[in-house]
Amino acid sequence: MIAGFGIGHATADGDGWLTGTTVVAALAPAVGGVDVRGGGPGTRETDLLDPSTLVDRVDAVVLTGGSAYGLAAADGVVAGLEARGRGFPVGPGPGQVVPIVPAAVIFDLGRGGVFGHRPDAGFGRRALDAALEAGSEPATGSVGAGTGARCGGLKGGFGYAERVLDTGVSVGAAVVVNAAGSPLSPDGRLWADRERRLPDPTADERAALAAAVETAARGFNTTIGVVLTDATLTKAQARRVSLLGHDGMARAVAPVHTLSDGDTVFALGSGRVAPPADPYAALGAFNALLGAAADVFTEACLVALLAATGRAGMPAYRELVRVSG
């Protein structure tokens, strides 16, 4: 897990539930940015991440199921941070703070069987507690905000990936894959498997995949995520990083950014690694970070799809296709 961040989940699976919340917590306030490209986004406090606005630090980002109803999960995160004295100072007292908690949602309403079962403030509070206590990489697959996720007829989920660059900077991505588009190429491979590490699907496996896609219910979707780095960023740079996250999304799903999607990518920089003093070296280092942001986002999408557990009407890729030689 990249130093300076923690990721926690709250999951509800069973008895009519199939949803959850994921919190990406900054252990100290982090510079944030966002890029919203989907035609049907559900978000909270994204305007304040514009480089021209007052607040330049973020305490946590919430990724959640529940569509617009699920934004209530952010209330629990705000309350939990306030109880810890975390937030933007608005008065002289130590507790006079407003936690900065942007959020984005996916559409998963009714996928567990009961339309009214969706995340509330309690989900956010539990996911925040888990994030602040996390000491390792997060669980992936059908957990947290990825619990009820669906992607082009297959089971979607939550994925995480990270890497360390030659510059010493770490970059990672936490992604919920719930796209209207397909993760499959015409030959049945996952678009996100760019290095072709998985075996080619057999004819029978391709037929099973085609049947899953053909019978999939159409509806509302969204892929959301957070790119994390320990690099030092300005708000403008953070927004540029979030923009490159969408490049990674477009490598994993086709199409993206439709009217049925609310595709949204955040970026957070902890500032633990300073940029090179030389401006040309700093530019090169930042461009390397941008390229890596796209790469880890794609990799996180692959992790989400391979780790997912199938549900009725939403088979997992690994349940239809062998994923090892």
Q.
Given the criterion surrounded by 13 or more Cβ atoms within 10 Å (Cβ to Cβ), in contact with a Lys or Arg (Cβ under 9 Å, 6 or more places away or on another chain), of a type in the set (Asp, Glu) and not in a strand (DSSP E or B), identify the matching residue among 187, 193, 261.
A. 261
**Q.** Cβ-Cβ under 7 Å pairs, at least 6 apart or on other chains, the range 109-125 side of a type in the set (Val, Ile, Thr), far side surrounded by 17 or more Cβ atoms within 10 Å (Cβ to Cβ) and in a loop (DSSP other than H, G, I, E, B)
**A.** none
**Q.** the range 93-124, residues that are over 18 Å from residue 221 (Cα atoms), part of a loop (DSSP other than H, G, I, E, B) and either touching a Leu at 6+ places or on another chain (Cβ under 7 Å) or at pLDDT 95 or above (or both)
**A.** 96, 99, 100, 101, 102, 120
Q | Qualifying position, being part of a helix (DSSP H, G or I) and of a type in the set (A, V, I, L, M), among 250, 277, 267 | A | 250
Q. Among the residues of the range 226-239, is there at least one that is at pLDDT 95 or above, within 17 Å of residue 156 (Cα to Cα) and either in contact with a His (Cβ under 6 Å, 6 or more places away or on another chain) or not aromatic (Phe, Trp, Tyr) (or both)?
A. yes
Q: Pull up the range 264-305, narrow it to residues that are crowded, with 18+ Cβ neighbours inside 10 Å and of a type in the set (Phe, Trp, Tyr), then point me to the one that is farthest from residue 25 (Cα to Cα).
A: 286
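The values are calculated or read from the model by the stated rules, or taken from the named source; none is laboratory data. These figures come from a predicted structure and were not determined experimentally. Don't worry about glycine lacking a Cβ; one is built from the backbone with ideal geometry, like all the others, and counts go over all protein chains shown.
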